[in-house]
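Input: a single structure, listed below in structure tokens.
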Amino acid sequence: MKKKVYENLIEKLDLKISTAESAIASAIDSRDNETKSSVGDKYETGRAMMQLEQQKNEVQLAKAITLKKTLKRINIELKKDTGELGAMLNTTNGIFFLSIGLGKIVVEDQTVYAISMASPMGKVLFGKKTGDELIFQGKKIVIQAVE
């Protein structure tokens, strides 16, 4: 199941990257094809808006590429015994894949939470083994399995 979760995350990031690249190209095209009107301010405002849109999408693209690089560092074939990057922990509070912070995904009719090691839950799960108990936000959580 970990492999399917991993592949799902890769697909989501590829879609984000593709969408951001298309939006950047569209913003550049719109900016470059903005025709100068008799009212100069309208022309300049339009170009500035397209420039801001391009910059916003470039930030989104950079974030998605960084997340994909982090995800690619994970060897999903390695069996994990403790909560660490690349581990999938089945708990009484849900299934968590310690990888990148993309949140809730559904694979094989099961909800899995892709969380980063820097997230509050990621920090709590770090180093935990099967059978460990912990308290998170006032709730008792038992680690049922680590993969």
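Where a number appears in this text, it was derived from the coordinates with a stated rule and is not lab data. Just so it is clear, the structure is predicted and the values come from calculations on it, not from any experiment. Neighbour counts are summed over all protein chains in view; Cβ atoms, including those assigned to glycine, are modelled from backbone coordinates with ideal geometry.
Numbers below:
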read-out	value
Output for region 94-119, where each listed residue is of a type outside the set (Gly, Ala, Ser) and touching a residue at least 60 places away in the same chain (Cβ under 8 Å)	Phe97, Ile100, Leu102, Ile105, Val107, Glu108, Gln110, Val112
Answer residue from region 132-147, given it is more than 15 Å from Glu84 (Cα to Cα) and touching a residue at least 40 places away in the same chain (Cβ under 8 Å) and is surrounded by the most Cβ atoms within 10 Å (Cβ to Cβ) among those	Ile141
Of all residues making up region 55-94, the number that are of a type outside the set (A, V, I, L, M) and part of a helix (DSSP H, G or I)	11
Among the candidates Ala48, Ala118, residue that is farther than 30 Å from Ser30 by Cβ and loosely packed, with under 13 Cβ neighbours inside 10 Å	Ala118
Complete set of residues in region 100-147 that are within 23 Å of Asn8 (Cα to Cα) and among the polar types (S, T, N, Q)	Gln110, Thr111, Ser116, Ser119
Where a residue in region 120-131 is farther than 11 Å from Leu98 by Cβ and its partner, wherever it lies, is of a type in the set (Gly, Ala, Ser) and not in a loop (DSSP other than H, G, I, E, B), with Cβ under 6 Å and at least six apart	Thr130/Ala145
The one condition in (1) farther than 14 Å from Leu9 by Cβ; (2) touching a helix residue (DSSP H, G or I) at 6+ places or on another chain (Cβ under 7 Å); (3) assigned to a strand (DSSP E or B); (4) not β-branched (Val, Ile, Thr) that Phe97 fails to fulfil	(1)
